[in-house]
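The block underneath contains the structure these notes are about, expressed in structure tokens.
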Amino acid sequence: MTPSDPFALDDNPPPSSPSEPQPIGDPSWLAGLNPEQRQAVEITDGPVLVLSGAGTGKTRVLITRLAYILGKRLAQPWQILAVTFTNRAAREMRERVGGLVGPMAESLWLGTFHALGVRILRKHGELVGLKSNFTILDSDDQLRLLKQVMEADGIDHKKWPAQVVLSVIQRWKDKGLTPDRVTPSMAGDLAAGRAVDLYRAYQERLITLNATDFGDLLLHCLTLFQDHAEVLQEYQDRFRYILVDEYQDTNVAQYLWLRLLCQKHRNLCCVGDDDQSIYSWRGAEVGNILRFEKDFTDAKVVRLERNYRSTPTILAAASALIDHNEDRLGKTLKPAGESDSEDAPVTVKGVWDGPEEARWVIEEIEALQTKGESLSSMAILVRAGFQMLEFEERFITTGVPYRVVGGPRFYERLEIRDAIAYLRCITTPTDDLAFERIVNKPKRSIGDTTVQKIHVYARSAGLSLMEAALRLTETDELRAQTRKALTTLIGDMSRWRSLRDGLSPADLAAQVLDESGYTEMWMKDTSPEAPGRLENLKEFVGGLEEWDTIGAFLEHVSLVMENDSKAGDEAVTIMTLHGAKGLEFDTVFLPGWEEEIFPHRRALDDGGGAAVEEERRLAYVGLTRARKKVSISYAANRRVYNQWQASLPSRFISELPNEHIENISDNGLMGSFGEGQSEGFSDGWGGGSSWPKARGRKAPVIEGDSWQVEARESSGGYAVGMRIFHQKFGYGIIQSVDNTRLEIAFDKAGDKKVIDSFVEPA
């Protein structure tokens, strides 16, 4: 094996390497660094924390530091450990370092935490019970193995789903906890109070199989280092320099692994940005970077604040926003030089509802395109995947090319394809592909063997799969449990089909997803994707409100699916904010800045400030993706859970500095949030007790779901008790008034909060 092989077992230096090579002089590439970047490169003794803000040249600093250490012969390549979070980043780093220092970059210990953990375990795994050829299980194999363990222990799968137990075990591993270190209080009553025993049995079963899961790759290393001092010393002696990228995204196990390895030479350099820590849901601990100076009291901290990406206005807005977070080390982004482009303000647009928001964004994109802007230089960054549907529909209608990054297009998502398959079966009972897709979703004890029997009979009798399945239920060809499940499903299909004329497509879809158990299946799923899939299903049902019949909708979907998804280079990017980290675009649109969407409802339900602070960091990431222009939008009304409801502007809008914001609303919406453009974003309106206090203005008092106000008449002349008409909600009576904000009891839609410019006297 070559020294560049991440799983190489021979760790000895190449024999051709000189024992005492002479250091080279200062290379020319050092001259291109700014003073802070050069400081981060040249401080080579002791622990160093490089706080690298968005767009400040973090990757260049890392690569140059590696090259500097090699070029100065401060260490041999195999004495340097460089950790990244993705294989792609590791490959890029190795290539770029190689471009600076040549072949010596091939011998670096450079890779992801998991790849480096594998490399160590391949050599020393026998000390923790593994042979060198151990297998790394994927998620499906892990789940199957845990199910076997649970069955052997008599744990009820229906009451305690294996996926739930496995996710808890993985969280324990991310925290560096072996079974003997998990306390009963940590486990609670999970799996009838036997979660720790299941964890122990699961680990024992893995060892028997000579296998690991991904969490074990570091957990076993920790055990190895803690129980075998000679192994730890070997690697402490070896690694004179350790460099870590994206330190803010490390979990506890990764943190402990690094702490053990750096104890001898203490030349640990961590590069990261606490203001961009947005992955707590997958185990990242922002506290790792926040306490770096406490862990290493002699640490040197270098702040990279010169931004080479965004305009001064964008940077000022982003810095002011993130400054509202309390748990941060603190830095302020500033432009590296004079901006070459017009320094446009951050625009904020209030619209009536989600469809209008999508129309406005795509119209802005088309206008920029006519001015010569490239579609590929523009992006729409959403907080949650379900927001994409309205934009995708508008892109399809207008013919503007787009690409979904980080996931499939809306109608191509697994849960949406499943939902559509149910509707296809109802509309066309002979649709065999649709029936086969959902016959066991959710699981109904209808396995592959049963489906194969249905196929064989259907072909021989010239029947559709559904008709063949129905006839088989009248025989003894299938097990009783399977016959019952098929009979129930086919009966449900027939009943739903009979409801098509009496229910709207949206109501029918909601009933089908509910009664079939499909929604419940995702509610019980504890994978990180499950909440997003549920939100997509809700958006899917809501989208059906625009259609008169299921047939018309399915025809529309068929045409959409036939559209060429390969738009080429010239296409607008649409993706989630989480997926956008590390990317940049000339123009960025940030829609859906409303309470319960951004910050997300789950963050608000947590009830703690830490969750909201992470949401604010996500907003900061969104702003700093833009080079030239940012447009934020929010809707006064949005369809949520298939119900229209009034929406409150995100608290993050109120935290943006007035001097860098331009209100471009033309429908009177912003008038309800303050007097005039510069006062249009007071902190206090509508956020509840957890919202920061308004700066320099008194906020309306909110009590429960009602506004407590003294005014009896709005600025538009509307008063309590008047009967009005609203285009979407119909007729209603005004219950309370606060300037332009009205609370109205609608005859059919119930209580809503609206703006007076959108109603008229009845």
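If exposed GluC sites (Glu not before Pro) are those in a DSSP loop with at most 10 other Cβ within 10 Å, what is the longest stretch of the chain that has none? In short, 1-325. Full extension of the segment from residue 88 to residue 433, taken as 0.36 nm per residue of separation minus the current Cα-Cα distance, would add 120.5 nm.
Once backbone amide H atoms are built at 1.01 Å from N, residue 52 has 272, 273, 304 as its partners under 5 Å, excluding neighbours fewer than 5 places away on the same chain.
So what does log10 I(q)/I(0) come out to for the range 333-417 at q = 0.17, 0.18, 0.19, 0.24 Å⁻¹, using the Debye formula with one equal point on every Cα and no solvent? Reported log10 I(q)/I(0), two decimals: -0.85, -0.93, -1.00, -1.34. Each 5 Å bin from zero holds the following percent of Cα-Cα pairs in the range 370-482: 2, 9, 16, 16, 12, 10, 7, 8, 8, 5, 3, 2, 1, 0, 0.
May I ask which residue of 40, 482, 112 lies farthest towards the positive end of the charge dipole of the chain, with charges of +1 (Lys, Arg) and -1 (Asp, Glu) on Cβ and the Cα centre as origin? Working it through, the farthest residue towards the positive pole turns out to be 112. A Förster distance of 22 Å, applied to the separation of the beta-carbon atoms of residue 501 and residue 643, puts the FRET efficiency at 0.40.
Near residue 640, the amide H atoms lying under 5 Å from its own belong to 645; only residues 5 or more places off or on other chains count, and H is placed 1.01 Å from N. The value obtained for the chain, namely the Cα convex hull volume divided by the number of residues, is 196 Å³ per residue. Return the lysines within reach of residue 443: Cα separation strictly under 19 angstrom, same-chain partners fewer than 8 residues apart disregarded; answer none if there are no such residues. Within reach: 147, 158, 159, 453, 484, 524.
Above 17 Å lies some portion of the pair distances; for the range 432-557, what is it as a whole percent of all C-alpha pairs?
It works out to 63 percent of all Cα pairs.
Put a dot 7 Å past the Cα of residue 263, heading toward its Cβ, do the same for residue 484, and the two dots end up 5.9 nm apart. Amide H to amide H, with H built 1.01 Å from N, residue 250 comes under 5 Å of 285, counting only residues 5 or more places away or on other chains. Residue 220 sits with roughly 20 Å² accessible to a 1.4 Å probe, with DNA, RNA and ligands left out of the calculation. Based on the convex hull around the alpha carbon atoms, the range 23-152 presents an average projected area of 11.4 nm². A simple spin-label model places pseudo-atoms 7 Å from Cα toward Cβ; at residue 30 and residue 398 they are separated by 5.1 nm.
Using the Cβ atoms and a cut-off under 11 Å, what net charge is assigned to the surroundings of residue 626, where Lys and Arg are +1 and Asp and Glu are -1? Cβ neighbours under 11 Å give a net charge of +3.
Other residues whose C-beta falls under 11 angstrom from the C-beta of residue 635 contribute a net charge of -2, scoring Lys and Arg +1 and Asp and Glu -1.
What FRET efficiency, computed as 1/(1 + (r/R0)^6) with R0 = 22 Å and r the Cβ-Cβ distance, is obtained for residue 353 and residue 731, rounded to the nearest 0.05? Calculated value: 0.70. Figure legend: label point modelled 7 angstrom from the Cα of residue 329 along Cα→Cβ; residues of the range 283-322 with amide N under 13 Å from it are 286-305. For the range 293-382, pairs of C-alpha atoms spaced more than 23 angstrom apart make up 48 percent of the total. Its alpha carbons considered, the range 263-326 gives a radius of gyration followed by a Dmax of 14.6, 45 Å. Within the straight-line cut-off of under 17 Å between alpha carbons, the aspartates and glutamates reachable from residue 753 are 353, 594, 595, 596, 703, 705, 710, 713, 738, 743, sequence neighbours fewer than 8 places apart in one chain being disregarded. Counted by Cβ distance under 12 Å from residue 255, the other residues give a net charge of -1, where Lys and Arg count +1 and Asp and Glu count -1. Excluding same-chain neighbours fewer than eight residues apart, the aspartates and glutamates reachable from residue 72 by a Cα-Cα span under 15 Å are 20, 26, 42, 45. Extension gain for residue 301 to residue 601 (0.36 nm times residue separation, less C-alpha to C-alpha distance): 104.4 nm. Between residue 208 and residue 72, the contour length at 0.36 nm per residue exceeds the Cα-Cα span by 44.2 nm. Here residue 748 and residue 414 are evaluated by their C-beta separation; at R0 = 51 Å the FRET efficiency comes out at 0.90.
The values are calculated or read from the model by the stated rules, or taken from the named source; none is laboratory data. Note that this is a predicted model, so its numbers are computed, not measured. For neighbour counting, all protein chains shown are included, and Cβ atoms are generated from backbone atoms with ideal geometry for every residue, glycine included. The protein model used for the area step is the full one, side chains on, heavy atoms only, and it has no ligands, DNA or RNA in it. Shrake-Rupley method; radii C 1.70, N 1.55, O 1.52, S 1.80 Å.
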